[in-house]
Amino acid sequence: MAGPTTAERGERQQESAGPPPGPRRLRVPRVRTIIILAVAAVLLLAGSVWVLYGSQWLRVERVSVSGTDVLTPQQVREAADVPVGSPLISVDTAAIEARLRSKLPRIDVVDVVRSWPHGIGLKVVERTPVLIVEKGGKFVEVDGDGVRFATVPQAPKGIPALELTASSSGPGAASLRRFGEDRLVREAVRVAGDIPAVLAKSTRTVKVRSYDDISLELSGGRTVDWGSSEKGAAKGRTLTALMKAASGARHFDVSVPTAPASSGS
């Protein structure tokens, strides 16, 4: 009697091996494991909060100051009023910046930074005067934005005086009403910024009669009709060339830089 064929033997082997394995099932974490992980996360979070807020490890112990020139570091620290001993993470840096700007108008830019683990850094940039205004025997400093930021007993050396002669009843009355005193001060500041470097130290006064009638008084009794603050760079270049060409002149007019003039000797 003949034995089973090859096909029959294959079918029998398949039947004895059973059905093919299906896809593996992912093991679901046990409830106990989930609880342990959750408790660990809560403890880690609580520990972090305690380290930042409750421990003595990360508290303010020192306040450093950089960038001062006229101001002293002690003045900046007192105005900042940093809460020494408080958690470093809870220090309100925006409030410190606001206090510094309010109490010390000389400060132009301030940056309050946390210096881990125990410090607060106060980085300041002071305003620089470009003009001064005499008032009651003292001098008000005006910066490049026209901000009057400090009153000092003595005039800083090398800073021109601002003389605002426009008044409500004088020749510059219309200009004063139209632009206002603050705008005229800013125009004077623009002119001061365009004065050539070779003449800046010899400039004694920037005189403003109206918006388009600004003049300079230089050392040695020399004067310059500047006009408005417009085309300041061109006027500066023209003035430098004109003073070289007419070195003996006492009066210069660059109000129209394409048609300058000089006079006197």
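For every residue, the table says whether it meets (1) assigned by TED's automatic domain parsing to the domain that holds Thr203; (2) more than 22 Å from Thr203 (Cβ to Cβ).
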{"residue": "Leu88", "(1), (2)": "no, yes"}
{"residue": "Ile96", "(1), (2)": "no, yes"}
{"residue": "Val113", "(1), (2)": "no, yes"}
{"residue": "Val133", "(1), (2)": "yes, no"}
{"residue": "Gly137", "(1), (2)": "yes, yes"}
{"residue": "Thr165", "(1), (2)": "yes, no"}
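At pLDDT below 95 and in a loop (DSSP other than H, G, I, E, B): does that describe Pro117?
Values: at pLDDT below 95: yes; in a loop (DSSP other than H, G, I, E, B): yes.
Yes: the conditions hold for Pro117.
With the stretch 199-265 as the region, which strands (runs of 3 or more DSSP E) entirely inside it contain at least 1 residues that are basic (Lys, Arg)?
Values: elements: 203-210, 213-218, 223-227, 251-253, 261-263.
By residue number, 203-210.
Of Gly220, Gly180, which residue is assigned by TED's automatic domain parsing to the domain that holds Phe149, modelled with pLDDT under 95 and closer than 18 Å to Val133 by Cα?
Numbers: Gly220 fails: closer than 18 Å to Val133 by Cα.
Residue meeting the stated conditions: Gly180.
If I go through the stretch 105-154 residue by residue, how many of them are among the β-branched types (Val, Ile, Thr) and without any contact (Cβ under 8 Å) to a residue 24 or more places away in the chain?
Let us first name the residues in the stretch 105-154 that are among the β-branched types (Val, Ile, Thr), namely 107, 109-110, 112-113, 120, 124-125, 128, 130, 132-133, 140, 142, 147, 151-152.
Still in the running and without any contact (Cβ under 8 Å) to a residue 24 or more places away in the chain: 109-110, 113, 128, 140, 151-152.
Result for the stretch 105-154: 7.
The values are calculated or read from the model by the stated rules, or taken from the named source; none is laboratory data. Owing to the predicted nature of the structure, the values given are computational and were not obtained by experimental measurement. FYI the Cβ positions are ideal-geometry reconstructions off the backbone, even for glycines, and counts take in every protein chain you see.
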